[in-house]
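Here's the structure, in structure tokens; my notes come after.
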Amino acid sequence: MNVPTNPKAFLQWQDNIATHLTDVQILTSSGRTIHAHANILALASPVLERMLEQARRCSNSSKRVIRVLGVPSEAVLSFIRLLYSSKWRPYDKEEGEEMDKHGFHLLALSHSYRVPWLKRACESGLAARLCADTALDAMKLARWCDARRLYLHCMKVVAKDLGGLQSTESWRFIQAHDPQLELEILQFIQEWDLRMKRMRRRKEEQGVYMQLMQVLECLEHICTEGCTNVGPLDVDLTSKSKGPCSSFSTCEGLQQLILHLPLCAKKLVPGKCIHCKRMWQLFRLHSSICVRPEPCKVPLCKQFKLRMEREGKGDDEMWRLLVKRVDLARFMACLEKRKRPEEVCRKLANCRDRSCFVNSHQRRK
């Protein structure tokens, strides 16, 4: 059934398909009468189905009358049209204009008459059109209609601009008549600030773990392939024609630490040289996450592994947590380097198109 999206065209369409077949009259607050079909309304809404059944029992005529009050007649007409079409077109211009005009009324109607798909569409449409001026009104309506997604979105909008909203009439009305909602808003803002602080702290910690992971990758790169000044014994750095690596800013500082370690006179004194201590910790951290079955070229990797096997779980809790976080950061970095599924599908489609073109060209020859 192709239902027109324009309300005026919908009325003409109803008249053209034979008004005498409609067996329901919907009365609005302004006294306007809208004709509809009972079967379509009953299938779309269980509440309307019960209302139609009650109207059939109370009336002896073939025409059943139900009342939809509390909203403008244009909103009721849009609601009936959407029940006929049973879908919402978010990218349609005319339906977007309807959402701008009657979005709040459609949300209330979809909640009152239990039309879940229309309720979800109204939540998404109102959330996309929400601004600071209408956030408090939309929040009160979302609270009444049990629209949790819209309620949470309104809370986020209010939390971003609470200082500007406190001077509005809606906020003064909430303070005077709904202190429970005011308390919920203030509690949400407090929890939102704490959540943002935790997220910033986690991002900073994740950045530290990513830096440690990059340092460990540079350490393996230096001990396996060699870089500008430092490399393994079996690699001749003077004959290498390539320049600095892509992570040379990190690799250069690590090379200085490696060159400092054998020349430092305080490296055997515990806790005296900070640079040597950092280098020992990097060697230990590498051995804790190294999973290579063959002999590793990083110095002291095998010795630290044998020490950990001999001592068992002798590491403290903080060190095990550090190893776990760095290992997780390395795993996440490996996932980011992998090709995305859509990129793989796009390349596969291009290869298939190219192969089809080549095969057709060969067949023509």
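Every number in this text was worked out from the coordinates using simple rules, so none of it is lab data. Given the structure is predicted, the values throughout are model-derived calculations rather than measurements. Glycine also receives a Cβ, built like all others from the backbone with ideal geometry; neighbour counts cover every protein chain displayed.
For the stretch 86-129, calculate the relative contact order in percent as a whole number, restricting contacts to Cα pairs under 8 Å that are 6 or more residues apart.
Computed value for the stretch 86-129: 42 percent relative contact order.
Can you tell me the order of 107-114, 283-290 when each peptide is scored by its average per-residue count of other Cβ atoms within 10 angstrom, highest first? Numbers along the way, then the final one.
Values: 107-114: 20.5, 283-290: 18.4.
Descending mean neighbour count gives 107-114, 283-290.
First obtain the Kirkwood hydrodynamic radius of the stretch 100-186 from its Cα pairs, then insert it into the Stokes-Einstein equation at 37 °C and 0.692 mPa s, and state the resulting D in µm² per second as a whole number.
Taking Rh from Cα pairs, D becomes 251 µm²/s.
Taking amide H atoms as placed 1.01 Å from N in the peptide plane, list the residues 5 or more away in sequence, or in a different chain, whose amide H sits under 5 Å from that of Arg64.
Close amide H contacts, sequence-distant or interchain: Val24, Gln25.
Averaging sequence separations of C-alpha pairs under 8 Å and six or more residues apart, then dividing by the length of the stretch 123-219, give the relative contact order as a whole percent. Working shown, then result.
Values: 48 pairs, mean separation 20.8, N = 97.
In percent, rounded to a whole number, it is 21.
At 0.36 nm per residue, and after removing the present C-alpha to C-alpha distance, how many nm does the segment from Gln187 to Ala132 gain when stretched out fully?
17.9 nm
Once you've got the Cα coordinates, tell me which of Lys302/Lys324; Lys160/Lys324; Lys93/Lys203 are over 29 Å apart. Before the final figure, lay out each step's value.
Details: Lys302/Lys324 20 Å; Lys160/Lys324 36 Å; Lys93/Lys203 41 Å.
Listed pairs above 29 Å: Lys160/Lys324; Lys93/Lys203.
Of the peptides 198-208, 35-45, how do they stack up when ordered by the mean number of other Cβ atoms within 10 Å, highest first?
Listed from highest to lowest mean packing, they are 35-45, 198-208.
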